[in-house]
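**Q** One structure is given below, represented as structure tokens, and several questions about it will come after.
Bear in mind these aren't lab numbers, they're just calculated from the coordinates by the rules spelled out. Because the structure is a prediction, the values reported are computed rather than measured. Counting neighbours? That spans all protein chains shown, and the Cβs are built from the backbone with ideal geometry, glycine included.
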Amino acid sequence: MALYSEKVMDHFRNPRNVGTIENADGVGEVGNPVCGDIMKIYLKIENDIITDVKFETFGCGSAIASSSMATELIKGKPISEALTLTNKAVTEALDGLPAHKIHCSVLAEEAIKSAIKDYYDKNGIAYDKSIFPDEPSCDHCCHTV
């Protein structure tokens, strides 16, 4: 059995939405100091719809694939729908990740939420603070040194 699914390998070898968005409406950056992965998500938003999304990821193949898939899953979607994206949905869309790589999908979820929070903050939009925890948390890794 292969360690990585064909979808993971495809999104690693041919990542979608790589790059930056100049004058992005929201930017989120998260990292994991234990494994060294860093994800940065850029959003362009018009009428509450994510019209464009780009990412820069420094990390392993699973981190790149998770970033790529997560951007595909939210592009063209309302912000409210993007906020419901879970790491489990990213993992399932990739046809699975090895257990020791699940933290990559968690980072993708957190980077998107961070970018949306940045958009809300920049535009003075009220939001439910419980959606955006002060400290990222996951059972698979450590986000603080």
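**Q** Consider all pairwise Cα distances in the chain and report the whole-number % of them above 18 Å. Mind dumping the intermediate values first?
**A** On the way: 5273 of 10440 pairs.
It works out to 51 percent of all Cα pairs.
**Q** Length gain on complete extension for the stretch Thr84 to Asn23, per 0.36 nm per residue less the alpha carbon to alpha carbon distance?
**A** Full-extension gain reported as 19.5 nm.
**Q** Using the structure shown, list the pairs from Lys7/Lys122; Lys75/Lys101; Lys7/Lys117; Lys88/Lys122 with a Cα-Cα distance above 27 Å, or answer none.
**A** In this structure, Lys7/Lys122; Lys7/Lys117; Lys88/Lys122 lie more than 27 Å apart at Cα.
**Q** Around Lys44, what is the net charge, scoring Lys/Arg as +1 and Asp/Glu as -1 over all other residues with Cβ under 14 Å from its Cβ? Mind dumping the intermediate values first?
**A** Working: positive: Lys54, Lys75, Lys77, Lys122; negative: Glu22, Asp25, Glu46, Asp48, Asp52, Asp118.
Net local charge, Lys44 excluded: -2.
**Q** Let me ask something additional. Report, in deg cm²/dmol and to the nearest 500, the calculated mean residue ellipticity at 222 nm for the chain, where each DSSP H run with n ≥ 4 adds -39500 (n - 2.57) and the sum is divided by the residue count.
**A** On the way: 5 runs with 54 residues, N = 145.
Helix contribution divided over all residues of the chain: -11000 deg cm²/dmol.
**Q** In whole Hz and in residue order, list the ³J(HN,Hα) couplings for the stretch 26-40 that follow from phi through the Karplus curve 6.51 cos²θ - 1.76 cosθ + 1.60, θ = phi - 60°; x for Gly and Pro.
**A** Per residue, the Karplus-derived 3J(HN,Hα) values read x, 10, x, 9, 9, x, 10, x, 6, 9, x, 5, 9, 10, 10 Hz.
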